[in-house]
Structures are given as structure tokens and as C-alpha cells.
2 protein chains.
Amino acid sequence: MSIVNFKHDLFAQFARVAKALSNANRLELMEFLAQGERSVDALAEVSGLSVANTSQHLQQLRQTGLVLSRKQGLKVYYRLSGDDVIALLDSLRSVAEARMAEIDRLINAYLTIKDKLEPIASEELLQRVKDGLVTVIDVRPAEEYKAGHLKGAINIPLTELDSQLEKLGKEKEVIAYCRGPHCVLAYDAVARLRKKGRTARRLEGGYPEWRVAGLPVETSDK
Amino acid sequence: MSIVNFKHDLFAQFARVAKALSNANRLELMEFLAQGERSVDALAEVSGLSVANTSQHLQQLRQTGLVLSRKQGLKVYYRLSGDDVIALLDSLRSVAEARMAEIDRLINAYLTIKDKLEPIASEELLQRVKDGLVTVIDVRPAEEYKAGHLKGAINIPLTELDSQLEKLGKEKEVIAYCRGPHCVLAYDAVARLRKKGRTARRLEGGYPEWRVAGLPVETSDK
DNA sequence: CAAGTATTCAATAGAGTACTTGAATAGTAT
DNA sequence: ATACTATTCAAGTACTCTATTGAATACTTG
């Protein structure tokens, strides 16, 4: 094998991995998988894709080694094949957010629906917490919550929002936050809470912004 | 805009970045750009693509914000738009290597001497340089060396390795590096040095990885 | 201004991708 | 066994991507 061919074949393999990531539906499936193992029909339901289509996307991901599957009874469960895959996804997201003006445009277009999802500012939140007017929920996965969170916030990962609804008093307004200004978990949470008839808003920014601003947090003090 | 659409559009933007990375030729172009700024015809020459084709790939990369360009006189010079792009490429490479048996097969097919060419890690190299135990050589072409190289490394392009052998003390171990983890120049150099009876190893990674890790470099300070 | 060079544009053929539909497979429950 | 369920397979259509070719653009030099 010549050097040139070797190099080209090697790059072709890297390109295969990138190609597996080059579809919005597959990225969305992987975001769900990042939260834990899921069956095909569960993934089809949350993603809104047909079962056959979901299955085919999952097989593409499996062929490049990004996900693994196991069969148990009737169902096939898929999961991400390792933490380095999460790191790759984060790296992709971070480059995309940093570089693409298009994303800012999208976020701004979305946020023009101010009256529906107007965020609450940090100072206002602090005051309302003191006054006992709001319940603050952290919708990130439990591990991230454990590593550090807003003081007084309770952890309700997005996946458990429906089942843990009773933790939230019905009279208080709910404030949701997650990883950062672009993290869609908090948007989702607010939308779903409102569907259930609660009063909900999103915190401007996320945990990192809050911490950097010197506002009160609780950490695992590792 | 609904939350679902918003989320989907956001993932579609991330997917665009991944799609830009999903072609072997574009990845190869980016590896060259990781060494420094390059004109279109220089990139066309090293990649073996036609100029028009090269230009079109570069424009795709520019549209997703992965590279930037500037025009000077007749030529247009492209460069990576930031170090986070290098981090993304490394992350992609690392996931691909970890997951894809296909890549191992390729590497073994080409580099049958693979286990004889154990790489040295960055930290270990730094220590051994301090202790005066090793000579570090940069086997990339002179222009790439000039644009930036590991502090203290001497430039011996692969083509001149035989003729400049006397530059290397016979007692010290020689460490060779080039463009990146898969740049074959360093493998070649190590193999040839060993044939001449020298003790030689390859640096894990290459110049871009070293620089991004914040380790000491010397640049042309343009 | 004319000639030359580097890059980009435009049009095209051929290959690959996404999603749908309906059927096939493998396992469970009755 | 039979009915049922979750998943996968196979085929078809509409759409997109790559690389090639030749022309157009923008800049420099004589």
C-alpha cells in the first residue's frame, strides 16, 4: 500500500464517523442516548421519527461504532459506546456555537416569542428565592447536578419531569435552568411545565454563568 | 417557532458542521491547514486534488465557519478559524481510532513495524529535553517548520534525513514528529534512523496538538 | 492597456442519502 | 401452534454531494 493511499483511507474512516454525525436526527437520537440506554420505539417516540427510520439511523450509528446495542426479549436497547463519544459531541457543539452566526440567528428568532419564554435574570431570581416566591429546578442529568448547582435548586432531570411533577408546589412559579444559554433542556422543561398548567420561566444563562457571577452555589467539594 | 422546530434547527446546524467534516479530502485539507496558512494552489498540490475541486471544498469549510480566508494579491490564503477546530478534529480522530477496527486494520497493514515504533508522550518528552537526554527533530518541510515548531526542535525534512545525519549526536535518543498523530513522515523518519543504528522514537501527536496543549513553541511571529 | 495567473463560478453526470411503505424475522404470550 | 409485538429488511422516489470541465472574475505585471 502506498503512503498516499494509506493516508487517504485513514481519512476516509474519520470521514465515516463525521458522516454519521452529519444528520440532525441522528444527533438528536444521540442526545437522548447520552442520558442512558433506550429502546428503538422509545427513541422513535421522543424523536418523532418512524420506527423504521429510527432503526435505520441507529444502525448507521452502530456501523461506525458510535453506539452499541443489546437485545433483551423483544426489545433492542441502544446506548452510546463510551464517554469519548460525549466528548466528541460536546466538541462539535462548541465549535458550532462559536463559529456559526446562523445559530445565534436561530436563537434570536426563537426568543422573539418573549412573552412565552421570557427568561428571568439572576438578580431577580435571587430576590424571588429570598421572598419564597419561586421553586428552582435543575433539569440537567443527576451527575452534573451533583458536581455543582445553584444553592437551593432541586434536581429534576428532564426525563423525570413528568413523573416528579408532584415535587413542585402548584402555587409557586417554577424557574428552570440547565447548562448554559443555549442548552435546550430548560426550554423544553418550561414548555412542558406550561402544558401542565404551571407557571414557569427559564433562568437567563445556566449553571456556569451563575457560578462565574459569584452567586451562591452548592458543590460536591471534591 | 415551536420548541421542537427550534431544537431540530439547532441540531441541523451542528449537523452542518459534521457534514463539512464528513469527506476525506476536506479532512486532509484541514490537516494541512492545521500546520498554518496555505494558498489554494498549495493545498491543491499537496492534496492531489484539482484546483477547482480544492476551491469548492474550501468554500464548504468556510461556509460552516471552520476556516477563514484572506486575499493578498493574486492569492487567497486559508487558515483554520481557531484552536477549538483542532480540538474537534482530534476528538473525531480519537473516537474513530477507539471504535473502528477498520482503522487498526489499515494501520497494521501499512505499519507492520507499529509496535517497534512506540510513541513518546508530550510530558515525558518535555522532561527528557530538560534532562538533555534527547534530540528533537521536526521532519516537516522547511516552510512548515518556519511557521512554528516545538521549542528547541531542529528541522530536518525527511528528504534530507540521510544527508543531515551528522547534525544528530550519536549518543542521544532522537525524537521525531511531524504534522499530527497520523502523519507518516515521523514513522518513516524513525524507521530510517533505526536502520542507521540510532535510537529513535516518534512523538505522540504532532505540532498542532503540542501547541494547543500549551506546550512551548517557537513561531515566526508574523 | 494587454497578457498572464490564481481563484471562483456554472453546468453536468454519476453516486450516495433520507424517508416511506410493506414484508420478513425473532421473540413473547395465550 | 397461533396471535401478537418490536425490530429489521428491501425497494422505490426525491433529493443532495463529488468531481470534472470550461468559462468568468479579479488582480498583477510589463
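Would you please name the residue that is surrounded by the most Cβ atoms within 10 Å (Cβ to Cβ), looking only at residues in segment A:26-48 that are within 11 Å of DNA strand C (Cβ to nearest atom) and within 20 Å of A:Asp83 (Cα to Cα)? It would help to see each step written out before you state the result.
Taking segment A:26-48 as the starting set, the residues that turn out to be within 11 Å of DNA strand C (Cβ to nearest atom) are A:26-29, A:44, A:47-48.
Subset that is within 20 Å of A:Asp83 (Cα to Cα): A:26-29.
Details: A:Arg26: 23, A:Leu27: 22, A:Glu28: 23, A:Leu29: 25.
Checked segment A:26-48; the qualifying residue surrounded by the most Cβ atoms within 10 Å (Cβ to Cβ) is A:Leu29.
Of all residues in segment B:19-38, those that are within 13 Å of DNA strand D (Cβ to nearest atom), touching a Lys or Arg at 6+ places or on another chain (Cβ under 7 Å) and touching a residue at least 24 places away in the same chain (Cβ under 8 Å) total 1. Determine, yes or no, whether B:Leu89 is within 15 Å of DNA strand D (Cβ to nearest atom) and within 16 Å of the chain's Cα centre (by Cα). Criteria not met by B:Leu89.
Taking segment B:128-172 as the range and being in a loop (DSSP other than H, G, I, E, B) and farther than 24 Å from B:Leu33 by Cα as the test, the residues that pass are B:Asp131, B:Gly132, B:Leu133, B:Leu161, B:Asp162, B:Ser163, B:Gln164, B:Leu168, B:Gly169, B:Lys170, B:Glu171, B:Lys172. The C-beta contact set for segment A:150-168 (first residue over 22 Å from A:Thr219 (Cα atoms), second residue among the β-branched types (Val, Ile, Thr), distance under 6 angstrom, 6+ apart or interchain) comprises A:Gln164/A:Ile156; A:Leu168/A:Thr135; A:Leu168/A:Val174.
Any idea how many residues of segment A:55-74 are within 9 Å of DNA strand C (Cβ to nearest atom) and surrounded by 19 or more Cβ atoms within 10 Å (Cβ to Cβ)?
Residues that pass the stated criteria total 1.
Taking the condition away from DNA strand C (no atom under 16 Å from the Cβ), modelled with pLDDT of 90 or more and not aliphatic (A, V, I, L, M), does B:Asp138 pass? Against the criterion (away from DNA strand C (no atom under 16 Å from the Cβ), modelled with pLDDT of 90 or more and not aliphatic (A, V, I, L, M)), B:Asp138 qualifies.
Here A:Ile86 meets the list (1) within 13 Å of DNA strand C (Cβ to nearest atom); (2) under 26 Å from B:Gln63 (Cα atoms); (3) in contact with a strand residue (DSSP E or B) (Cβ under 8 Å, 6 or more places away or on another chain) almost entirely, failing just condition (1). Here A:Leu49 fulfils each of the conditions (1) within 14 Å of chain B (Cβ to nearest Cβ); (2) over 25 Å from A:Ala142 (Cβ atoms); (3) within 13 Å of DNA strand D (Cβ to nearest atom); (4) free of Cβ contacts under 8 Å to residues at least 12 places away in the same chain apart from (4). Right, B:Val51: touching an Asp or Glu at 6+ places or on another chain (Cβ under 9 Å), at pLDDT 90 or above and of a type in the set (Val, Ile, Thr) or not? So B:Val51 passes the test.
Answer with yes or no whether B:Asp83 is under 21 Å from A:Val95 (Cβ atoms), out of contact with any Lys or Arg (no Cβ under 6 Å at 6 or more places or on another chain) and either at pLDDT 90 or above or within 13 Å of chain A (Cβ to nearest Cβ) (or both). Yes, satisfied.
The values are calculated or read from the model by the stated rules, or taken from the named source; none is laboratory data. Everything quoted here is computed from the prediction, not taken from an experiment. Neighbour counts are summed over all protein chains in view; Cβ atoms, including those assigned to glycine, are modelled from backbone coordinates with ideal geometry.
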